[in-house]
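Structure record follows, encoded as structure tokens.
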Amino acid sequence: MDFLIIYYLMGIIMIPGIIFAIVAQSKVSSAYNKMSKIMSKKGIPAWQVARQILDKNNLQHITIEQVPGKLTDFYDPKHNKIGLSESVYASTDVASIGIALHEVGHAIQHDQDYAPAKIRLALVPIMNFSSNILWPIIIFGLIFNVFAGFDNIVGQIFIWIGIAFFFLSFLFSLITLPTEYDASKRARQQLEESGAMDAEELIAVKKVLNAAALTYVASLLVSILSLLRFVLAVLVIKRNE
């Protein structure tokens with residue numbers, strides 16, 4: 001199991017990504033807590049603003065539902081549904097409205113066939129499948145390596161399948177980044193055009209959405225480092241044979 005030992009030792013490579021992810025999440029929490037105290041001057045709840053923008057874009061078929069949790073908001077293109085968390089749904093603060101409109105941005109992306117969003121959607125079932133079988137495949141490959149040597153063709157195939165899955169995770173994070181930034185951009189544009197917020201409120205919304213976008217940057221960094229860590233572990237083992 002030399003590979004596993006080297007793999008875990010190379011965990012040090014992940015430290016910058018982990019630190020960045022913690023900082024990004026901290027910024028999200030800070031921005032949300034601060035901006036959620038700023039009430040919209042028009043006093044319209046987040047779900048209603050989202051409904052108005054959806055209707056304005058001829059997306060009447062998309063429903064809006066309240067879902068359990070905090071910041072568990074999502075857009076489901078399969079069921080034409082936007083889920084707004086309990087902390088967002090009926091709130092009138094600028095942070096909640098911005099989050100709701102971010103999900104509306106995703107709905108508009110889907111309606112307009114925004115390419116990165118379509119690619120990301122196509123990758124979701126593949127990612128779900130790969131996440132379930134990734135480590136069983138890698139462990140199976142390592143068992144072959146222990147009993148037949150690292151150059152065993154079967155073991156090698158499983159190891160490189162593992163690398164392919166890590167690369168897929170990187171690709172998913174890479175395509176997610178422009179998708180999320182674009183959804184936030186659309187949210188700000190729709191709010192500005194609708195007149196639902198003034199310039200000061202829009203600045204507050206931008207701060208929340210920009211902070212949230214950092215978490216996707218962190219996810220991309222972690223996926224890059226994870227791929228690098230795995231590949232380097234393989235190369236070190238091969239070199240020391």
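A few notes on this one:
- Test: residue in segment 172-189 that is free of Cβ contacts under 8 Å to residues at least 24 places away in the same chain, farther than 23 Å from I5 by Cβ, surrounded by fewer than 17 Cβ atoms within 10 Å (Cβ to Cβ) and within 25 Å of the chain's Cα centre (by Cα): yes
- Residue in segment 202-213 that is more than 22 Å from A117 (Cβ to Cβ), modelled with pLDDT under 90 and surrounded by fewer than 19 Cβ atoms within 10 Å (Cβ to Cβ) present: no
- Segments classed as helices (runs of 4 or more DSSP H), wholly inside segment 1-85, with at least 1 members that are within 28 Å of P125 (Cβ to Cβ) and at pLDDT 90 or above: 15-35, 46-56
- Only residues that are buried (at least 16 other Cβ atoms within 10 Å of the Cβ) and either farther than 20 Å from Y216 by Cα or in contact with a Gly (Cβ under 6 Å, 6 or more places away or on another chain) (or both) were counted across segment 1-34, and they come to 4.
- Failed item, numbered, when A100 is tested on (1) out of contact with any strand residue (DSSP E or B) (no Cβ under 8 Å at 6 or more places or on another chain); (2) of a type in the set (G, A, S); (3) touching a residue at least 12 places away in the same chain (Cβ under 8 Å): (1)
- Breaking point among (1) surrounded by 15 or more Cβ atoms within 10 Å (Cβ to Cβ); (2) farther than 21 Å from L209 by Cα, for L54: (2)
- Hits in segment 73-84 - residues which are closer than 20 Å to R188 by Cα and either surrounded by 13 or more Cβ atoms within 10 Å (Cβ to Cβ) or in contact with a Leu (Cβ under 7 Å, 6 or more places away or on another chain) (or both): D73, Y75, I82, G83, L84
- The set of residues in segment 191-223 that are without any contact (Cβ under 8 Å) to a residue 60 or more places away in the chain and of a type in the set (V, I, T) contains only I203.
The values are calculated or read from the model by the stated rules, or taken from the named source; none is laboratory data. These numbers come from a predicted model, not from an experiment. Using ideal geometry, Cβ is built from the backbone for each residue, glycine included, and neighbour counts are taken over all protein chains shown.
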